[in-house]
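No value in this document is a laboratory result; all are computed from the given coordinates. This one's a predicted model, so the numbers in the text were calculated from it and none came from an experiment. Neighbour counts run over all protein chains shown; Cβ positions are idealised from the backbone, glycine included.
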């Protein structure tokens, strides 16, 4: 994933979303995914993803479904966003809808070009 640093070594690298935000967004785009898929897709260790997904589950933002030995995750769009920047504790569906829909359109366009 590209960083904000560019070619200037004096600029500290940063990301727009935290690990929790990235994982939540990834699950929203790729519903019913596993820890291995999230780890691969975001270049995070499985241990980091497992801990982050656990935090999101405890916050009620992620649902889990067990299939065989694997857990599959999906976003609970009815959960509150849980951040003071989001007025009135808006539901995740309102916070993530545009970003996820736009990403799905872009992914679809990329697939059609290949």
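Numbers below:
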item	result
Mean Cβ neighbour count within 10 Å, used as a protection proxy, ranking 20-26, 68-74 highest first	20-26, 68-74
Residues in the stretch 39-60 reached by a label modelled at residue 74 [backbone nitrogen below 11 Å; 7 Å Cα→Cβ]	none
Hull volume in cubic angstrom per residue (convex hull over the Cα atoms of the stretch 19-113)	105 Å³
Most to least packed among 54-63, 103-112 [average Cβ atoms within 10 Å]	54-63, 103-112
